[in-house]
Amino acid sequence: MNYYFTKIVKGPFDAVENRVVALLKNEGFGVLTQIDIQTTLNSKLQVDFKKYKILGACNPSFAYKALQVEDKIGTMLPCNIIIQEQSPNSIEVSAINPLVSMQEVKNDALNNLAHEVSAKLEKVIKSIENEK
């Protein structure tokens, strides 16, 4: 089992990012954090890097339930989604597979939640369409 779900789609980077955020919203997630790796690496290390963003997505209902059954689970929140430009108009979108990251916790109640969150994130990745 992979630790992530991934898909490559065609379209401009910003348009793909907007579609990902909208699909996350449809599944009850909000984006709490955004890290622009390209800008950060350029400003901190003066290096050029491809367009690459990390979105920290959170479904408040699932986060609340997870925190109730495992109070240290916050170390693994939020769920990260990456958007990276492989080449112009070829954008790879990947999301963490919570089933893999949570399996070491050994908590059945958390495992059940991880199955639900995993299904939602996989649906987001599978639902991303090429720009028309």
So, in the stretch 23-43, how many residues would count as being exposed (fewer than 13 other Cβ atoms within 10 Å of the Cβ) and either in contact with a Ser or Thr (Cβ under 6 Å, 6 or more places away or on another chain) or assigned to a strand (DSSP E or B) (or both)? 2
Out of Ser101, Ser118, I need the residue that is modelled with pLDDT under 95, small (Gly, Ala, Ser) and either surrounded by 15 or more Cβ atoms within 10 Å (Cβ to Cβ) or touching a Cys at 6+ places or on another chain (Cβ under 7 Å) (or both). Which one? Ser101
Can you work out which of the residues in the stretch 45-73 that are loosely packed, with under 13 Cβ neighbours inside 10 Å and within 21 Å of Ser94 (Cα to Cα) is farthest from the chain's Cα centre (by Cα)? Lys50
Taking Pro60, is it within 26 Å of Asn18 (Cα to Cα), at pLDDT below 95 and of a type outside the set (D, E, K, R)? no
Here is a list of conditions, (1) surrounded by 14 or more Cβ atoms within 10 Å (Cβ to Cβ); (2) in contact with a Lys or Arg (Cβ under 9 Å, 6 or more places away or on another chain), and Val20 meets all of them except one; can you say which number that is? (2)
When the stretch 63-112 is checked residue by residue, the ones that are touching a strand residue (DSSP E or B) at 6+ places or on another chain (Cβ under 9 Å), farther than 17 Å from Gly30 by Cα and part of a strand (DSSP E or B) are Gln84, Glu85, Gln86, Ser90, Ile91, Glu92
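The values are calculated or read from the model by the stated rules, or taken from the named source; none is laboratory data. All figures in this text were calculated on a predicted structure; none of them were measured in a lab. Because the Cβ atoms are built from the backbone with ideal geometry, glycine has one as well, and the counts that use them run over all protein chains shown.
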